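Notes follow once the structure below has been shown.
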6 protein chains.
Amino acid sequence: MSATNSELSHTDAHGAARMVDVSDKQPTSRTAVATGVVRTTAEVVGLLRRDGLPKGDALATARIAGIMGVKRTPDLIPLCHPIAVSGVTLDLTLQETEVAITATVRTTDRTGVEMEALTAVAVAGLTLHDMIKAVDPAAVLDAIRVDRKDGGKTGSWTRPGDR
Amino acid sequence: MSATNSELSHTDAHGAARMVDVSDKQPTSRTAVATGVVRTTAEVVGLLRRDGLPKGDALATARIAGIMGVKRTPDLIPLCHPIAVSGVTLDLTLQETEVAITATVRTTDRTGVEMEALTAVAVAGLTLHDMIKAVDPAAVLDAIRVDRKDGGKTGSWTRPGDR
Amino acid sequence: MSATNSELSHTDAHGAARMVDVSDKQPTSRTAVATGVVRTTAEVVGLLRRDGLPKGDALATARIAGIMGVKRTPDLIPLCHPIAVSGVTLDLTLQETEVAITATVRTTDRTGVEMEALTAVAVAGLTLHDMIKAVDPAAVLDAIRVDRKDGGKTGSWTRPGDR
Amino acid sequence: MSATNSELSHTDAHGAARMVDVSDKQPTSRTAVATGVVRTTAEVVGLLRRDGLPKGDALATARIAGIMGVKRTPDLIPLCHPIAVSGVTLDLTLQETEVAITATVRTTDRTGVEMEALTAVAVAGLTLHDMIKAVDPAAVLDAIRVDRKDGGKTGSWTRPGDR
Amino acid sequence: MSATNSELSHTDAHGAARMVDVSDKQPTSRTAVATGVVRTTAEVVGLLRRDGLPKGDALATARIAGIMGVKRTPDLIPLCHPIAVSGVTLDLTLQETEVAITATVRTTDRTGVEMEALTAVAVAGLTLHDMIKAVDPAAVLDAIRVDRKDGGKTGSWTRPGDR
Amino acid sequence: MSATNSELSHTDAHGAARMVDVSDKQPTSRTAVATGVVRTTAEVVGLLRRDGLPKGDALATARIAGIMGVKRTPDLIPLCHPIAVSGVTLDLTLQETEVAITATVRTTDRTGVEMEALTAVAVAGLTLHDMIKAVDPAAVLDAIRVDRKDGGKTGSWTRPGDR
């Protein structure tokens, strides 16, 4: 992905949606890292922190939902290929008024796993929103984006500093 | 939801996750509106606009994915109740370097549909990301939030101006 | 449905797909009957018949797949409402070179169950095709249609003789 | 599949259903093409045609539903193997009183993709039925069948002219 | 269920599977409690106990999987009705060489929720097995059963002492 | 698995859940056999036996549900990898007051299929419970366990006699 395209790859010359044929691509080891953030209040972060006691499941619920979301990606994103996911980690970091989310997804397959990593972040963020919405209905899920990807024909891509 | 809680409702006194019992709530008509935005480039917005010709499926794919996402919400968000969704609209508006997403979800059931509306926005945004990522791998899905909800015991809630 | 519409109900004035709002409709008892047929060879029908011995699972597999298909309908058909299905029967009748399929679906909800009955027939037919394709790869799934529906505001509808 | 079997492969000697063991087969490139047709009225075809304006989502909805149906095939058809689908196209052609559906599915895996192509056609056809049923409740989904398959140990198969 | 039947309700007079018609039953408040146990080693229970520190997700993962399993019940059990689940709790208790599992499921619908409670126990138990299998591949999931149910036409049922 | 671990592999050093990275493992042929038993009454076993007539679907329903359960394993068990299942058999044996369940699952992939075999047994057992619960609400699903596994780096494992 060092060279980007100038056409939408998921629609054909007439604009019709399709699942792009990747039969000719070779399975290779690939990784994608995506991030996002739930912006909320200091009160909510305090509740999540206190929940960090034995049996405190709030962060675990979001983490597990995000990991399971990876496996649902081809069911949710219409033109995504089903992928043999080989590993997922999902980190949640409590900050003053925010929860930062980072998902890392690995595969050995014919396409990249950016969508899987982005879906993990989105589902973990939605799950946090669900758990805190009785306290802070105005929470915002923000800045869901790919930070870096490795592997595949086009090699590594790192998010440019000005985006 | 005019009065918010000061506890996480989805974990019990020991912090264990649970699906909150809503047996005693009455089914009432409820609506939620959520919004979000995909920040990309003028080039991508131009491609999406040109796609707005006969058979141009890019925006339709995102719209349909978002509507279908509503129905997958209880499968994705661990502690969400299954809901009898009675109507969904999903609007996509092309702006200079952005696509604005608005989802409106209606139900007649025992719980609100904020999570369904937020999930619709997130899945539509992820689907747009999937379709434009070959052109703009640095696109960002931003500002996913509830704008307004109506119905239920607590009545209407509108996003405060300072959030 | 005694009076039919002259517009596509699932797209709005601008052609955008939506899940039609049925909040104002009352839950009522409704039934739909759909039929279809798998056209194959006398040899295959013979194999299916012989399979009708103790533990012969071929017809049972199709019957169960059809019943389960009813429950997957809103996941498959993008603009279908999720429905509280209250009963399903699925009949398979062996004829000379065909298997006739009839599905009857019942609900007490706000929308009809034609799509659920049609999906049951289609999934049962596809499952039969899967099981017989090693013997007859040219089998055809034909004539999937609604035969009759009852209940709801518009009352009963029976398939006209000339269709 | 130039040579067909004389036994139902999906049931064992006692008639019990099983998922056939394909461990010893090699992953090879495979393609299947399936077709079907929705028989309706000239009025409906006219509405679908007019819908072919910017933002007209009716055909797109069916196309996307069909493509997503490919990925749900092993969930719907009990004895189908899960498959690494590598490409899908789904064509819809408006004719005088019909919509013709053609699905092409590609994989590099141990089994063929006829069931995936047939499922794409069936789900696209059911979705069309859903969208037109308010105007034409008597529409029929017809002639769902495999037209051709390539790849795998048995090589190419083309539908015989007399079926 | 104080009076039990003497026929299998899920097959008709000819033995064919069906989803029993419950259209005539009234939605009422219902509860079911199911239990089960994972028999393992003292070493594993020690590891799970130590995991009971901040961020220790092992028990949370099983608890959440069980709660999510409730919502998947009609997808897994072919003849189960889809149900409006209104509440779920899932308790895990560490004993000397065992983990005891108790699931409580509530609904206001036309059928009972025994299958949902049993599925919650089974999925939580399978998830525990998955997490401990590298240490104890010989763990056993045992004694999955309904302990008590309330509500519905037949009233309460409590497990007899001799079963 | 001749050598077992002394740590829970599915949580990291801080106890956070993760899907373990298997990118470096090679796809190899693997098999797992799991068993379980539904303990019920002689009356129920008699009904199931009588059901073993033409079109008697009760055992077939459980068998098919178990086979389909294999394909749902990664959706149910949060940290399980998605797997290319290449074959499944599921045997049900009627005994005096019990139904014995044996599932055999095969794959050629990077991880073992114990969880898939255990899930097949659990889902078949739950399905039997569903079908007999009107006659015997006190039935118990017992002794779900791995009996043997073959393939993969650690070679074969057979259940020790004292467990």
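Looking only at the range A:87-126, filter to residues that are away from chain F (no Cβ under 12 Å) and more than 13 Å from the chain's Cα centre (by Cα); which one of those is surrounded by the fewest Cβ atoms within 10 Å (Cβ to Cβ)?
A:Glu96
Just to be sure I understand the filter: pairs with C-beta atoms under 6 Å, separated by 6 or more residues or on different chains, first member in the range C:98-110 and touching a residue at least 60 places away in the same chain (Cβ under 8 Å), second member among the basic types (Lys, Arg). Which pairs pass?
Hits for this filter: C:Glu98/C:Arg39; C:Thr107/C:Arg30; C:Arg110/C:Lys25.
Within the range B:3-18, is even one residue within 19 Å of the chain's Cα centre (by Cα), surrounded by fewer than 19 Cβ atoms within 10 Å (Cβ to Cβ) and closer than 30 Å to B:Gly155 by Cα?
Within the range B:3-18, the subset within 19 Å of the chain's Cα centre (by Cα) is none.
No, the range B:3-18 contains no residue that is within 19 Å of the chain's Cα centre (by Cα), surrounded by fewer than 19 Cβ atoms within 10 Å (Cβ to Cβ) and closer than 30 Å to B:Gly155 by Cα.
Has the range A:90-109 got at least one residue that is in contact with a Pro (Cβ under 7 Å, 6 or more places away or on another chain) and at pLDDT 95 or above? Step through it out loud before you land on a result.
Taking the range A:90-109 as the starting set, the residues that turn out to be in contact with a Pro (Cβ under 7 Å, 6 or more places away or on another chain) are A:108-109.
Imposing the further condition that a residue be at pLDDT 95 or above reduces the set to none.
No, the conditions are met nowhere in the range A:90-109.
Filtering the range B:127-163 down to residues that are of a type in the set (Lys, Arg) and crowded, with 21+ Cβ neighbours inside 10 Å, which residue is nearest to A:Leu118 (Cα to Cα)? Can you show your working first?
At the first step, the residues of the range B:127-163 found to be of a type in the set (Lys, Arg) are B:133, B:145, B:148-149, B:153, B:159, B:163.
Among the residues that remain, those that are also crowded, with 21+ Cβ neighbours inside 10 Å are: B:133, B:145, B:149.
Details: B:Lys133: 12, B:Arg145: 17, B:Lys149: 27 Å.
Applying the filter and picking the extreme gives B:Lys133.
Quick one: E:Arg50 ticks every box in (1) modelled with pLDDT under 95; (2) under 18 Å from B:Thr11 (Cβ atoms); (3) surrounded by fewer than 24 Cβ atoms within 10 Å (Cβ to Cβ) bar one, so which box is it?
Among (1) modelled with pLDDT under 95; (2) under 18 Å from B:Thr11 (Cβ atoms); (3) surrounded by fewer than 24 Cβ atoms within 10 Å (Cβ to Cβ), the lone unmet condition for E:Arg50 is (2).
Would you confirm, using the coordinates I've provided, whether C:Arg63 is touching a Leu at 6+ places or on another chain (Cβ under 8 Å), surrounded by fewer than 24 Cβ atoms within 10 Å (Cβ to Cβ) and within 11 Å of chain E (Cβ to nearest Cβ)? Step through it out loud before you land on a result.
Working: touching a Leu at 6+ places or on another chain (Cβ under 8 Å): yes; surrounded by fewer than 24 Cβ atoms within 10 Å (Cβ to Cβ): no; within 11 Å of chain E (Cβ to nearest Cβ): yes.
It is false that C:Arg63 is touching a Leu at 6+ places or on another chain (Cβ under 8 Å), surrounded by fewer than 24 Cβ atoms within 10 Å (Cβ to Cβ) and within 11 Å of chain E (Cβ to nearest Cβ).
What are the residues in the range D:125-163 that are assigned to a helix (DSSP H, G or I) and either closer than 24 Å to C:Thr127 by Cβ or at pLDDT 95 or above (or both), if any?
Within the range D:125-163, D:Gly125, D:Leu126, D:Thr127, D:Leu128, D:His129, D:Asp130 qualify.
If C:Ala134 meets every condition in (1) more than 9 Å from chain E (Cβ to nearest Cβ); (2) touching a residue at least 40 places away in the same chain (Cβ under 8 Å); (3) small (Gly, Ala, Ser) apart from one, which number is that one?
(2)
List pairs: first residue in the range A:139-163 and touching a residue at least 12 places away in the same chain (Cβ under 8 Å) and at the interface with chain B (Cβ under 10 Å from one of its Cβ atoms), second residue of a type in the set (Asp, Glu) and assigned to a loop (DSSP other than H, G, I, E, B) anywhere in the structure, Cβ distance under 7 angstrom, at least six positions apart or on different chains.
none
Of everything in the range B:29-51, what is over 20 Å from the mean Cα position of the chain (by Cα) and touching a residue at least 60 places away in the same chain (Cβ under 8 Å)? Give them in sequence order.
From the range B:29-51, those over 20 Å from the mean Cα position of the chain (by Cα) are B:41-51; that's our starting set.
Within the range B:29-51, B:Thr41, B:Glu43, B:Val44, B:Leu47, B:Leu48 meet the criteria.
If you go through the range D:113-124, how many residues are in a helix (DSSP H, G or I) and farther than 8 Å from D:Gly66 by Cα? Before you say what the answer is, go through the steps one by one.
Within the range D:113-124, the first condition is being in a helix (DSSP H, G or I), and the residues that meet it are D:114-124.
Checking which are farther than 8 Å from D:Gly66 by Cα leaves us with D:114-118.
Final tally of qualifying residues: 5.
Let's see how each residue does on (1) under 29 Å from C:Ala60 (Cβ atoms); (2) outside any loop (DSSP other than H, G, I, E, B); (3) touching a helix residue (DSSP H, G or I) at 6+ places or on another chain (Cβ under 9 Å):
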| residue | (1), (2), (3) |
| --- | --- |
| E:Val37 | no, yes, yes |
| E:Gly46 | no, yes, no |
| E:Arg49 | no, yes, no |
| E:Ile64 | no, yes, yes |
| E:Pro78 | yes, no, yes |
| E:His81 | yes, no, yes |
| E:Asp91 | no, yes, yes |
| E:Ile101 | no, yes, yes |
| E:Thr111 | yes, no, no |
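Find all pairs meeting these conditions: Cβ atoms under 6 angstrom apart; at least six residues apart or on different chains; first residue within the range A:59-75 and more than 11 Å from A:Thr119 (Cβ to Cβ) and in contact (Cβ under 8 Å) with a residue 40 or more places away in the chain; second residue among the aromatic types (Phe, Trp, Tyr) and surrounded by 24 or more Cβ atoms within 10 Å (Cβ to Cβ).
Pairs found: none.
Looking only at the range B:9-31, count how many residues are out of contact with any Lys or Arg (no Cβ under 6 Å at 6 or more places or on another chain) and either assigned to a loop (DSSP other than H, G, I, E, B) or more than 7 Å from every other protein chain (Cβ to nearest Cβ) (or both). Spell out the reasoning first.
Going residue by residue through the range B:9-31, those that are out of contact with any Lys or Arg (no Cβ under 6 Å at 6 or more places or on another chain) are B:9-11, B:13, B:18-20, B:24, B:26, B:28-30.
This time we only want the ones that are either assigned to a loop (DSSP other than H, G, I, E, B) or more than 7 Å from every other protein chain (Cβ to nearest Cβ) (or both), so: B:9-10, B:13, B:18, B:20, B:24, B:26, B:28, B:30.
Of the residues in that region, 9 qualify.
The values are calculated or read from the model by the stated rules, or taken from the named source; none is laboratory data. None of the values given here were measured: they were computed from a predicted structure. Cβ sites come from the backbone with ideal geometry, for glycine too, and all protein chains shown count toward neighbours.
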